[in-house]
Amino acid sequence: MISWNKLANQNMFLTEGDPMASTKIVLVGAGSAVFGVRLISDLVFTEGLRGSHLVLVDIDSERLDMVYRIGTKLIAEQDAKLRLSKCEDYREALSGADYVITTVARGGAGAWLNDVRIPQAYGYNYAVGDTMGPGGLFRALRTIPLVVDIAREMEEACPDALLINYSNPMTAICRAVNKYTSIRAIGLCHGLQNTVRRISPRLGLEPSEITAWASGINHFIWLTDIVHSVTGEDLYPKLVERAKKMPSEQPVAYDLLNTYGLFPSGGDDHIVEFIQYYTSHECGKGAAHNIDLNYVEKAVAHQKQELEELEKLASVPSLRATDAIQGTAESAAEIIDCLSNAKTGVFMVNVPNNGRIPNLPAEAVVEVPGITTPSGVMGVQVEALPLGIAGRITACIHEFELMVEAAVHGERRLALQALLINPFTRSRVDAERLLDELIKANEPYLEQFR
């Protein structure tokens, strides 16, 4: 078993080459919360990408300017050999790009709030609402056309570039790019890293002492192996015992561990998008499993606070950006470094299945460990998932496929089918009413339905 956690999280690579300069990276959606400044920070501290050119793109000129000013600070403070530029139209930025990163979310906070609030009136009780069900569907309908347009523009401006997508719903967006364009695309998410950080103190370990292997679909991956990175000890028995002794610590994930024998990665707030039982009336609309249905309201308030702090950072000369920017933009900079400089590293990636998970559809986008090679990012062959888990995921894959078709072709009938296949749906009449209300609420962002 390859220790992806050890390799990716600790910057340890199997092979190394000489750094190459002049890599062009385009970030579309640079003003999204704090991702833009974190990516710049990652690039600043990645030695192998010195000499690179990062182009920030966002339609919100004020947000774009804020991130650009903070980026300029970061580069100056570290004397980094990184060129930074900005523009509001991605078409102006793509020519000659080596990597294009998408973090777009059409409609912003207002649309996200509608994705959760409106369905709740029809009995769809979920917390995050960015992956499955009506929330995931309408985020897909808003976002897929934009990302596909970016990929189609890449076919002309930079056909050999790699598209790295962070936008949700990850699975549907990557599938749309793979199905309707010739652009190579991968999706990145921090789910497994966060899970390792979450469970490590429960097991009395540091995150670096845990090697985890997982597979599934984005926001619904399952840890097939958890071992001690040094001794090789199987840590699953300790996690199972922890779940029995402290079930309230993570009620949904622990209940699924007891049911299926594997631990699902991610927070319970995300997991319940895939399994309606935990937020049903029987479970007090999530109360019995500590699910906060006000998650989005709190997340939007937190984002607003973060943006206010970033604006202050951009505007006050005495504040050091290096000290203020915490965290990372996940693994994009590391992957770009590997691909640009002939290094091999292991990362969790969303890629076309093509047999990587044997008992899931070949055309589906799955999340598995991937290795950077001279030919690109290659997904690793893993074992088949248990039948109970594979059955749930297969239903999700069909729902995502309907999302893609509805988004690309603008067909209400297909959007309704996506909604009807979702396990939250209990009434055909309510599903149609909800669909029409959400189409009306999202009218400015659904050009394909006009």
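The values are calculated or read from the model by the stated rules, or taken from the named source; none is laboratory data. Only a predicted model underlies this, so the values are computations on that prediction, with no experimental measurement involved. Cβ placement follows ideal geometry from the backbone for every residue including glycine, while neighbour counts extend to all protein chains displayed. Ligands, DNA and RNA are stripped out before the accessible areas are found, and what is left, the full protein with its side chains, is counted by its heavy atoms. Shrake-Rupley method; radii C 1.70, N 1.55, O 1.52, S 1.80 Å.
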Original post:
Can you name every residue in the range 432-446 that is buried (at least 16 other Cβ atoms within 10 Å of the Cβ) and more than 16 Å from residue 129 (Cα to Cα)?
Top reply: 437, 445, 446
Original post:
So residue 230 fits all but one of (1) open to solvent by 20 Å² or more (accessible area, probe 1.4 Å); (2) over 29 Å from residue 361 (Cα atoms); (3) hydrophobic (A, V, I, L, M, F, W, C); (4) touching a Phe, Trp or Tyr at 6+ places or on another chain (Cβ under 9 Å); what number is the exception?
Top reply: (4)
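Residue-wise test of (1) touching a residue at least 40 places away in the same chain (Cβ under 8 Å); (2) open to solvent by 10 Å² or more (accessible area, probe 1.4 Å); (3) within 20 Å of residue 107 (Cβ to Cβ).
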residue: 145; (1), (2), (3): yes, yes, yes
residue: 148; (1), (2), (3): yes, no, yes
residue: 152; (1), (2), (3): no, yes, no
residue: 161; (1), (2), (3): yes, no, no
residue: 165; (1), (2), (3): yes, no, yes
residue: 189; (1), (2), (3): yes, yes, no
residue: 196; (1), (2), (3): yes, no, no
residue: 200; (1), (2), (3): no, no, no
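Could you list all residues from the range 341-363 that are in contact with a His (Cβ under 9 Å, 6 or more places away or on another chain) and either closer than 12 Å to residue 394 by Cβ or β-branched (Val, Ile, Thr) (or both)? Explain how you work it out, then say what you get.
Within the range 341-363, the subset in contact with a His (Cβ under 9 Å, 6 or more places away or on another chain) is 348, 361.
Passing the criteria: only 361.
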Original post:
Considering only the range 91-104, how many residues are more than 15 Å from residue 162 (Cα to Cα) and either touching a Ser or Thr at 6+ places or on another chain (Cβ under 9 Å) or among the hydroxyl-bearing types (Ser, Thr, Tyr) (or both)?
Top reply: 1
Subject >> Selection within the range 292-331 - farther than 22 Å from residue 103 by Cβ, aliphatic (A, V, I, L, M) and touching a Lys or Arg at 6+ places or on another chain (Cβ under 8 Å) >> reply: 293, 319
Original post:
In the range 268-310, how many residues are in a helix (DSSP H, G or I), over 18 Å from residue 109 (Cα atoms) and over 21 Å from the mean Cα position of the chain (by Cα)?
Top reply: 13
Original post:
Which of the following residues is out of contact with any Cys (no Cβ under 9 Å at 6 or more places or on another chain) and not basic (Lys, Arg): 166, 122?
Top reply: 122
**OP:** Those residues that are open to solvent by less than 10 Å² (accessible area, probe 1.4 Å) and either closer than 16 Å to residue 218 by Cα or at pLDDT below 95 (or both), I need them from the range 398-420; list them, please.
**Re:** 399, 400, 403, 404
**OP:** Just one of (1) touching a residue at least 60 places away in the same chain (Cβ under 8 Å); (2) open to solvent by 20 Å² or more (accessible area, probe 1.4 Å) trips up residue 129, so point out which.
**Re:** (2)
Subject >> Candidate set: the range 202-227, residues that are open to solvent by less than 20 Å² (accessible area, probe 1.4 Å) and among the hydroxyl-bearing types (Ser, Thr, Tyr); chosen: the one farthest from the chain's Cα centre (by Cα) >> reply: 211
Subject >> helices (runs of 4 or more DSSP H) fully within the range 381-450 counting 2 or more residues that are under 22 Å from residue 352 (Cβ atoms) >> reply: 387-409, 412-421
Subject >> Test set (1) of a type outside the set (Lys, Arg); (2) closer than 30 Å to residue 62 by Cβ; (3) assigned to a helix (DSSP H, G or I) - residue 330 fails condition number >> reply: (3)
Original post:
Can you find a residue in the range 243-264 that is in contact with a Lys or Arg (Cβ under 9 Å, 6 or more places away or on another chain), under 20 Å from residue 209 (Cα atoms) and surrounded by fewer than 22 Cβ atoms within 10 Å (Cβ to Cβ)?
Top reply: no
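One line per residue, one yes/no per condition, for (1) open to solvent by less than 30 Å² (accessible area, probe 1.4 Å); (2) not in a helix (DSSP H, G or I):
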site	(1), (2)
314	yes, no
317	no, yes
322	no, no
334	no, no
342	no, yes
347	yes, yes
350	yes, yes
356	no, yes
363	no, yes
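Filter the range 296-316 down to residues that are β-branched (Val, Ile, Thr) and free of Cβ contacts under 8 Å to residues at least 60 places away in the same chain, then give me how many there are. Write out each step before concluding.
Within the range 296-316, the first condition is being β-branched (Val, Ile, Thr), and the residues that meet it are 296, 300, 316.
Then drop every residue that is not free of Cβ contacts under 8 Å to residues at least 60 places away in the same chain, which leaves 316.
Residues meeting the conditions: 1.
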**OP:** Of all residues in the range 4-48, count the ones that are open to solvent by 20 Å² or more (accessible area, probe 1.4 Å) and modelled with pLDDT of 95 or more.
**Re:** 1
Subject >> Number of the exception - residue 109 against (1) touching a Phe, Trp or Tyr at 6+ places or on another chain (Cβ under 8 Å); (2) over 30 Å from residue 246 (Cβ atoms) >> reply: (1)
Original post:
If you take the residues in the range 176-194 that are out of contact with any strand residue (DSSP E or B) (no Cβ under 7 Å at 6 or more places or on another chain) and assigned to a helix (DSSP H, G or I), which one is nearest to residue 400 (Cα to Cα)?
Top reply: 176
